[in-house]
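The values are calculated or read from the model by the stated rules, or taken from the named source; none is laboratory data. Keep in mind it's a predicted model, so treat the numbers as computed, not measured. Backbone-built Cβ (ideal geometry, glycine too); neighbour counts: all protein chains shown. In case anyone asks, the SASA skips ligands and DNA or RNA and just uses the protein heavy atoms, side chains included. Shrake-Rupley method; radii C 1.70, N 1.55, O 1.52, S 1.80 Å.
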Amino acid sequence: MKKLLSVLLVLVLAVSLFAQGAAEATTASTNDSPLVQAAKAEGELVVYGSCEEPYLAAACEKFQELYGIKTVFQRLSTGDVQAKIEEENGNPSADVWFGGTTDPYNVLASEGFLEPYKAENAKHISKPVYMDSEGRWYGIYTGILGIMYNKDEVARLGVKVPQDFADLTDPQYKGLIWTSNYNTAGTAKLIINTVIQKYGHDAGIQYLVDLDKNIHVYTKSGSGPSKNVGTGECVIGLGFLHDGIYQIVDNGYDNIGLVIPSSGTTCEIGATAIFKGAKHPNAAKLWIEFALSPDCVNLAKDNGSYQFLVLDNADQPQIAYDFGLDPTNVIDYDFADATANIKKYISEVMDALAASGAATGDATRFQIK
């Protein structure tokens, strides 16, 4: 009996020592690691965020809480961030970028404005397509491009619910559609690339010219249309369907319908990256590790962001599946073509719109504020 008790005591002590060692190892790899200490010594981090502000704020507050590093953030559309970083030309006013579709990320990466970093937590990214091969950006979520509509207004006006992108050029929708500004919104840049890849270059640009005849306003931000569908000011909106879910679930607009285009659509990859020349480089690296962890991405669904997460150790937002969204039901997207040509495509689209008589200089329609 005494021998048995001695063996049990040894086992208890061994388990206790193992648990203590594991806890110390965890602490060493988080709070006491060289990277954390170097980041704390810098004392500050500046974040440009292109996801919606509640999630951005929650992520920054969590980072500050975990590491005691003062975290300042500003919400800007991806197009605004791209323009700002290009203008600053290697002397960025922020350290990291968080959220927003990757087309503008890829442009800045190709221009040398994003800093490569080999992130330890990138091992949890589920597919290679969700990260830059050189470590210049890492994906954190993916969201489906689609159509939102106000059920009450569609019924009142007697128009059909559009089921595909091609339907949106029908004259019955004249003045009813909202989308986002090709010059300011990453969502709009994805729309250009999507239709060109679906229909071909010339036909894609002609589609956008035809679509313009039905568009009431081009909002500065990609989420702009979704914010006005529930009120009925926007009858039909183009954008990411998780933004529509936010309006339904969080703001109570159960009169919003969601449509995944029947001929296929694309999805954004929301990303995070370090700006070349960041003034707080270690805090920026620590941010990337944080952004690629459940500590960060699991905050999304509790702060109105219902995108699918691309990390294998994250909790997926069940509500997105409940609304019938499927992150695998998308066309293959040519990132290389989008990166190489989007600036040219934007110029061609705007020129074609102007040639067709669209008032492209009208800031009340092509919003920049």
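Tally up the carbon and sulfur contribution to the accessible surface of the chain as a whole percent, 1.4 Å probe, everything protein left in place.
53 percent
Could you derive backbone 3J(HN,Hα) for segment 36-48 from the dihedral phi with the Karplus parameters 6.51, -1.76 and 1.60 (θ = phi - 60°), listing whole Hz in sequence and x where the residue is Gly or Pro?
Ordered by residue, 3J(HN,Hα) equals 4, 5, 5, 5, 5, 5, 6, x, 7, 9, 10, 10, 9 Hz.
Lysine pairs in segment 160-288 8 or more apart or on different chains: how many have alpha carbons under 18 angstrom apart?
Working: 160/174; 160/213; 174/213; 189/198; 189/220; 276/285.
So the count of such lysine pairs works out to 6.
Could you provide, to the nearest whole Å², the per residue accessible area of the chain with probe 1.4 Å?
43 Å²
In whole Å, how far is the Cα centre of segment 330-369 from that of segment 85-145?
Centre-to-centre distance over Cα atoms comes out at 22 Å.
With charges only on Cβ, +1 for K and R and -1 for D and E, what is the dipole size of segment 192-280 about its Cα centre, in debye, rounded to 20?
On the way: 6 positive and 8 negative charges, 83 e Å.
That gives a dipole near 400 debye.
Taking a spot 7 Å from the Cα of residue 88 along the direction of its beta carbon, which residues of segment 117-137 have an amide N less than 19 Å from it?
Counting backbone N atoms under 19 Å from the label point, the list is 117, 136-137.
Name the residue farthest towards the positive end of the dipole of the chain from the options 294, 176, 251, assuming +1 on Cβ of Lys and Arg, -1 on Cβ of Asp and Glu, about the Cα centre.
294
Taking the DSSP beta bridges in the chain as the whole, what percent of them are antiparallel, to the nearest 5?
60 percent
Could you state the number of Å between the C-alpha centres of segment 258-295 and segment 171-228?
Here the two parts' Cα centres lie 24 Å apart.
Give me the aspartates and glutamates in straight-line cross-link reach of residue 344: C-alpha distance below 14 Å, same-chain residues under 8 apart excluded.
Result set, ordered by chain and number: 103, 202.
Rounded to the nearest 10 degrees, what's the angle between the helix 78-88 long axis and the longest principal axis of the chain, both from Cα atoms, 0 to 90?
The angle comes out at about 80 degrees.
Show me, for segment 131-140, the HN-Hα J-couplings you get by feeding each phi into the Karplus relation (A = 6.51, B = -1.76, C = 1.60, θ = phi - 60°), rounded to Hz, glycine and proline as x.
Each residue of segment 131-140 in turn: 8, 6, 5, 9, x, 7, 8, 10, x, 10 Hz.
Excluding ligands and nucleic acids, what accessible area in Å² is computed for residue 350 using a 1.4 Å probe, to the nearest 10?
For residue 350, solvent-accessible area is about 30 Å².
Any number yet on Rg/Rh for segment 261-369, C-alpha, Kirkwood?
Taking Rg over the Kirkwood Rh, I get 1.06.
Between residue 249 and residue 163, what FRET efficiency follows from the Cβ-Cβ distance if R0 is 30 Å, with the result rounded to 0.05?
Efficiency for this residue pair is about 0.80.
What residues from segment 279-304 fall in the zone where the backbone N is under 16 Å from a label point 7 Å along the Cα-to-C-beta line of residue 35?
280-297
Quote the relative contact order of segment 231-369 in percent (integer), defining contacts as alpha-carbon pairs under 8 Å separated by 6+ residues.
Relative CO of segment 231-369 lands at 22 percent.
Please compute one quarter of the surface area of the Cα convex hull for the chain and express it in square nanometres. Don't skip to the end; give the middle numbers.
On the way: hull surface 86.3 nm².
Spelled out: convex hull of the Cα atoms, projected over all directions, averaged, 21.6 nm².
Please give every one of the aspartates and glutamates within straight-line cross-link reach of residue 123, meaning a C-alpha to C-alpha distance under 12 Å, and leave out same-chain neighbours fewer than 8 residues apart.
Correct list for residue 123: 289, 312.
With the Cα gyration tensor of segment 183-286 in hand, convert its eigenvalues to equivalent ellipsoid semi-axes via √(5λ) and list them largest first in whole Å.
For segment 183-286, the ellipsoid semi-axes come out as 28, 22, 13 Å.
What percent does the relative contact order of the chain come to when contacts are Cα pairs within less than 8 Å and at least six residues apart?
Rounded, it is 25 percent for the chain.
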